[in-house]
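No lab work stands behind these numbers, since they all come straight from the coordinates. Not measured: the values here are computed from a predicted model. Because the Cβ atoms are built from the backbone with ideal geometry, glycine has one as well, and the counts that use them run over all protein chains shown.
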Amino acid sequence: MEFLSPSTFQEALAAKSAAFDAVPIMGGTDVMVELNFDRRRPGALLDLSRIRELAQWGPEGPYLRLGAGVAYTEIVERLAARAPALARAA
């Protein structure tokens, strides 16, 4: 199995285009369970953890932008005041 580790969105898109069956992971918990129990064997894993923007959050106009890789603890501990429903849902 190939392990791809891009550091930018552009690199990630190029890697996914070149390896269409690559499974994107950020932490990998669910995917690693599937691998360990031999339920899934993708041709490649696309590790997105080096793409900084995915782990960032902040105001964007009247909205709050939340990257797909923002950690649960960050949501609960640092965003509860700004987005209480999101923190409770997390």
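With the chain treated as a Gaussian network of Cα nodes joined by springs under 10 Å, which of LEU54, LEU64, LEU45 yields the largest mean-square fluctuation?
LEU64
Considering only the other residues whose Cβ falls under 14 Å of the Cβ of ALA90, what net charge follows from Lys and Arg at +1 and Asp and Glu at -1? Walk me through the numbers on the way to the answer.
Details: positive: ARG78, ARG82, ARG88; negative: GLU74, GLU77.
Around ALA90, the surrounding residues sum to +1.
Share of antiparallel DSSP beta bridges in the chain, in percent to the nearest 5? Before the final figure, lay out each step's value.
On the way: 4 of 10 bridges.
Percent antiparallel among DSSP bridges in the chain is about 40.
Here are a few candidate values for Kirkwood radius over Cα pairs in Å: (i) 15.2; (ii) 15.9; (iii) 14.6. Which one was actually calculated from the structure I just gave you?
(iii)
Just to confirm the filter: which chymotrypsin sites (Phe, Trp or Tyr not before Pro) across the range 1-31 are DSSP coil and have at most 14 other Cβ within 10 angstrom of their Cβ?
Values: sites: PHE3, PHE9, PHE20; in loops: PHE20.
Listed in order of number, the matching sites are PHE20.
Amide H neighbours of ILE25 under 5 Å, counting only residues 5+ apart in sequence or on other chains, H built in-plane at 1.01 Å?
Close amide H contacts, sequence-distant or interchain: LEU46, ASP47, LEU48.
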